[in-house]
Amino acid sequence: MHTQTYNVKGMHCASCSSVIEKTFKKIEGVHSAEVNYGTEKAKVSFDPSKINPHDLSKHIEPLGYSLDVPVTAEEMGMSADEHAAHLGLNQSKKEKLAEVADMKTKVLSAIPLAIFAAFIMGWDILAEYGILSTMSYTLKEFFHHLLPIFATYILFVVGKPYLLGFYRFLRYGKANMDTLIGIGTVAAFLYSFVVSAFEDVLRPFINVDYQYYDVTIVVITFIALGKYLEARSKIKTGDAIEKLLNLQAKTALVIRNGEEVEVSVNDVKHGDFIIVKPGAKIPVDGVITEGSSFVDESMVTGEPMPAQKKIDDNVVSGTLNTSGSFTFRATKVGSETLLAQIIKMVEDAQGSKAPIQALADKISSVFVPIVLVIAFLTLGVWLIVGSPYLGFSQALSFGLVSFVGILVIACPCALGLATPTAIIVGVGKGAKEGILIKDAATLEKLHKVNTVVVDKTGTITKGKPTLVDIQNISNLKDDELVSILASLERKSEHPIAHAIVNYAQEKNIPLSDISDFEGIQGKGLKGTIKGIEYFVGNAKLINDLKISFDVGKLNEFTSQGKTPVILATKDSALGFVMVADEIKPESKQAVADLHKLGIKVVMLTGDDEKAAKYMASLVDIDDVIAHVLPQDKLEKIKELQSQGRVVAMAGDGVNDAPALAQADVGIAMGTGTDVAIESAGITLLGGDISKLVKAIKLSKITMRGIKQNLFWAFIYNIVGIPLAAGAFYPIFGWLLNPVFAGFAMAMSSVSVVSNSLRIKSKRL
């Protein structure tokens, strides 16, 4: 059995995935199929001896979809690198951008026509009540000759997806929102066309003054606008993978036959010896055989401080060498590297299908046939029952008016707008609060979250080392102690050194000139200031100097996740400063607010366990898991989900990307990496975790608005359909004028939009 993931072209609504999935599962040779609307990908397991990808695509092409089936490099006459570039995400992104641009063009062309149609509709309704004077014959004829032209363009160009929805229903019995829109608008258009084309013939039988071109125009324009806004929000779906791929080094400096040779990273083999110079990316995974350096591994560990690397230490592809040069032996290449595995995990997590189906689409599958049955039964009842009492002509007139009235009033404009309008307002309010929401599905899922998993560095903490404490055990003033430290550390590129120098600059502490500066590998540095030789470094350096020093206090600080930097002369220790990644001031309150909402908070970090637990205790986090690698974070998310928990993951590093993608809701801190941000469904600008609480509240308010909208949309149909059918005619003599059917449909939309706009005024 062969399993492959393909890009799907032509998907434009949530139920498209269901249609494609069911079609694939019916094909002989297909074992399983999983179609994800969010990523527009299909994961298919099939028997290659019975079916091939091109045949899979042919099965869905009549439905308006297709698979993007790649051909081999050999078939295209390309190298492996050229083929990879050809199949790259940039190409896919270009296609998506072109598709969204086309949607924008159609929507912009439709909006003026919808405004014009709404104007005519409003004039007709107001004239019916005598509020406005009736249009002059010339003006009415002019306007009502334009409307069919406008409606034809809107229906067959802008409304093509909804016609396809109508076709799917007729051909395959698959009903969704597109089906409802298609049936309603086509019925309104065809009725209007027949009436206008055969006006003189039909006038003796029915009232030919009522036409519904304006209904076709307005409904399709509204829905198309919502689809465009949704598509625009989804355009960055694949950017996470793209940015991960950009982390990979393109070339490697390999030693072959005693010479340094620059080769493509794809040509690196197991056992190759690779030279890494300062500022270079590490191309593959391996073990250092010569030299030492500090390597920025924040993309893997999430920790801001570069790790010291020496002989026999492991290095990881995609990480950045900061200072020294070293040689390492390649142990993992290609798809074996940790970065490649992270990319694979993100792809798998993004491509997995969320068990979510739009409520409106579920209801529509039952609603459509019911409405059609009611419409045809109504026509039949009018002809059979009404003819003896009213005469055939009058019964036919009433029957046709009722038939079209039902389809018009049941046209799901309100139902179609119920969700997107609330989502649009909710997302807009979130943006004003510094909460960026990628798509509607994320906002929908967020209100169900009962477990929040957070990274430590950059999420709970600031993600930047700072000087947090000064311990002076000499006769020097604190400022003098810091001045000496900063003067020496100014020569170093280490982040800890930057923290000390930044502190001195913030406090306006003057720095001194240094002579005889020298780095002491793995221990610190030394230099002379005003004739005195000073040493700066860790406890190992002090031990080498054989200086008496109480390390008890150092251990206490170290257990709290702080890094000590000691200042000494040849004879004695003068003091030390502590550098640490501080807790964000808003973290404690944010965790407390999450607890109030009944949400459990779990910390996952690559940091030391003691340090992590200490940090967690400061903000009252429920559970801590330390020393975790990216795959461990991912597995923990899966474990929580298997327990029935709805999990939100908040993080800021590349190491968090797989877990962010796997979580029911991924939340990126805006101060983090682009990869984390693109892997997540929600981004908190400024890295303020307190906004997570607001995001959850916003989701609850928005979902409440959607449910209210759906309720009123259905109440409108429950009342409107019997009225349009003439159910009250025998009792009260009520028969819904088709003009009122159009008006009622418009008012239902207005009520839904108005209710959605109320979300703006809600406090978070």
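Applying the selection to region 480-511, what residues are modelled with pLDDT of 90 or more and either assigned to a loop (DSSP other than H, G, I, E, B) or more than 48 Å from the chain's Cα centre (by Cα) (or both)? Correct list: E480, L481, I484, K507, N508, I509, P510, L511. For region 563-592, a tally of residues being in contact (Cβ under 8 Å) with a residue 12 or more places away in the chain, within 20 Å of A499 (Cα to Cα) and within 35 Å of the chain's Cα centre (by Cα) returns 5.
Within the set G130, G184, G122, G165, the sole residue that is on the phi > 0 side of the Ramachandran plot and at pLDDT below 80 turns out to be G130. When L359 is tested against the conditions (1) under 38 Å from the mean Cα position of the chain (by Cα); (2) at pLDDT 80 or above; (3) surrounded by fewer than 21 Cβ atoms within 10 Å (Cβ to Cβ), the lone failure is (2).
Counting only strands (runs of 3 or more DSSP E) wholly contained in region 525-601, no element carries 1 or more residues that are at positive phi and not assigned by TED's automatic domain parsing to the domain that holds A486. Annotation: of all residues in region 102-121 being under 14 Å from L147 (Cα atoms) and of a type in the set (G, A, S), the one that is nearest to the chain's Cα centre (by Cα) is A110. Report whether or not I484 is in contact (Cβ under 8 Å) with a residue 24 or more places away in the chain and either under 13 Å from V577 (Cβ atoms) or of a type in the set (V, I, T) (or both). Here the answer is yes, as I484 does meet what is asked. Tell me whether region 339-347 contains one or more residues that are surrounded by 15 or more Cβ atoms within 10 Å (Cβ to Cβ), closer than 30 Å to E290 by Cβ, at pLDDT 80 or above and not β-branched (V, I, T). No: region 339-347 contains no residue that is surrounded by 15 or more Cβ atoms within 10 Å (Cβ to Cβ), closer than 30 Å to E290 by Cβ, at pLDDT 80 or above and not β-branched (V, I, T). Screening I149, I154, I220 for residues that are within 23 Å of I423 (Cβ to Cβ), at pLDDT 80 or above and assigned to a helix (DSSP H, G or I) leaves exactly one candidate, I220.
Annotation: D544 fulfils all but one of (1) within 21 Å of K464 (Cβ to Cβ); (2) surrounded by 12 or more Cβ atoms within 10 Å (Cβ to Cβ); the unmet one is (1). Scanning region 701-722 for residues that are in contact with a helix residue (DSSP H, G or I) (Cβ under 8 Å, 6 or more places away or on another chain) and within 27 Å of L383 (Cβ to Cβ) returns N717, G720, I721. Can you confirm whether region 739-756 contains a residue that is buried (at least 17 other Cβ atoms within 10 Å of the Cβ), touching a Gly at 6+ places or on another chain (Cβ under 8 Å), modelled with pLDDT of 80 or more and on the phi < 0 side of the Ramachandran plot? Within region 739-756, one or more residues are buried (at least 17 other Cβ atoms within 10 Å of the Cβ), touching a Gly at 6+ places or on another chain (Cβ under 8 Å), modelled with pLDDT of 80 or more and on the phi < 0 side of the Ramachandran plot.
Close Cβ contacts (under 7 Å, 6 or more residues apart or on different chains) running from residues in region 750-764 that are touching a residue at least 12 places away in the same chain (Cβ under 8 Å) to residues that are polar (S, T, N, Q) comprise V752/T421; V752/N709; V753/T421; N755/Q708; N755/N709; S756/T421; S756/N709; I759/T702.
The values are calculated or read from the model by the stated rules, or taken from the named source; none is laboratory data. Given the structure is predicted, the values throughout are model-derived calculations rather than measurements. All Cβ positions, even for glycine, are placed from backbone atoms using ideal geometry, and neighbour counts span all protein chains on display.
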